[in-house]
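Working notes, beginning with the structure itself.
Any read-out appearing in this document is the output of simple, stated calculations on the displayed coordinates, not a laboratory observation. Quick caveat, the model's predicted, so the values are computed rather than measured. With ideal geometry, Cβ positions are generated from the backbone for all residues, glycine too; neighbour counts draw on all protein chains shown.
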Amino acid sequence: MLPFLDRKRRITTPVSPFDKSTVVSIFPKKIHEVKHTIQPGIFDIGAGTYDKPAVLVVGPSSWWRDIPEDDSIIEIPTSSVQIANSIVVDYANGLLGCNMGDHMPGIFFIPGIALTSDEVKSKHKKELDSAREKQRNWFALLVRMADSLWATSNGNPRSISDDARLAARELNITNKDWLSDAQVMEMVRCVACGALRNPLYPICATCKAIADPELAKKHGLQFAS
């Protein structure tokens with residue numbers, strides 16, 4: 001309950017019990033959206049897959065307009081369609097690589113109806129297929145961006161987002177150095193120049209010194225004397 005509601009006379013507005021929409025997610029990550037200015041304003045969607053989409057049925061939420069003349073507030077309902085759209089847009093918009101078009105996480109909503117996961121699969125396959133294609137496009141883009149960031153950051157694991165690692169796993173990509181444990185790849189200082197370097201490689205990319213002779217020997221690297 002919003003705290004100011006207890007201090008003013010409330011003028012409520014009837015809300016239709018049939019105003020329902022369904023938010024669907026095939027994104028393999030939990031979604032937690034909080035909207036502080038409406039009630040109810042907390043929305044949680046479990047991790048989903050194409051074969052088992054996660055669903056959240058939402059109804060209308062309300063915000064409150066202050067009427068100072070008689071120290072009251074009036075309830076302003078917001079339809080389930082607006083709420084469902086807000087959940088999708090507010091979560092996805094601004095994610096790295098997401099353009100809210102053909103590159104975005106697999107979340108969408110079906111307006112005006114409450115559906116189960118099985119009903120979404122049986123009645124809305126077209127929407128699921130579209131969401132899967134958009135998500136695959138986004139995942140592929142995240143992997144390409146991660147490759148670029150890995151190269152330009154001298155293999156700094158902090159340059160790779162969790163979403164990029166998730167994308168690679170979902171696309172069954174396993175041959176990326178940046179998929180290794182981030183703790184193992186923690187950057188260290190080069191003993192020769194002090195620049196940060198990736199300890200998985202024996203040569204400092206900054207000064208070209210052999211920073212780890214043992215590792216170089218292990219991989220059979222030979223250098224001119």
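Data table
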quantity	calculated
Entries in Lys35/Lys123; Lys125/Lys176; Lys29/Lys218; Lys121/Lys176; Lys35/Lys126; Lys176/Lys217 that, when Cα-Cα distance is taken, lie over 28 Å	Lys35/Lys123; Lys125/Lys176; Lys29/Lys218; Lys121/Lys176; Lys35/Lys126
Note, ³J(HN,Hα) from phi for the stretch 13-18, Karplus 6.51, -1.76, 1.60, rounded to Hz, x at Gly and Pro	10, x, 10, 6, x, 8
Rounded to 5, the percent of DSSP beta bridges in the chain classed as antiparallel	90 percent
Given charges at beta-carbon only (K, R positive; D, E negative), |dipole| of the stretch 3-122 in Debye	180 debye
FRET efficiency estimate (nearest 0.05) - Cβ-Cβ, Asn93 to Thr13, R0 30 angstrom	0.55
Charge dipole magnitude, Cβ of K and R +1, D and E -1 - the chain, Cα centre, debye nearest 20	620 debye
Of Thr49, Ser80, Ala167, farthest towards positive along the dipole that unit charges on Lys, Arg, Asp, Glu beta carbons give the chain	Ala167
Fewest-first sequence of Asp162, Asp212 by Cβ atoms within 10 Å of each Cβ	Asp162, Asp212
Nearest-ten-degree value, helix 125-152 long axis tilted from longest Cα axis of the chain	40 degrees
Answer label for Cα extents along the principal axes in Å (calculated), chosen among (1) 55, 52, 29; (2) 56, 37, 37; (3) 88, 46, 23	(3)
Total formal charge among the other residues, if their Cβ is under 15 angstrom from that of Gly41, Lys/Arg +1 and Asp/Glu -1	-3
Inter-probe distance in nm under a simple model that places probes 7 Å from Cα toward Cβ, at Arg132 and Cys193	4.8 nm
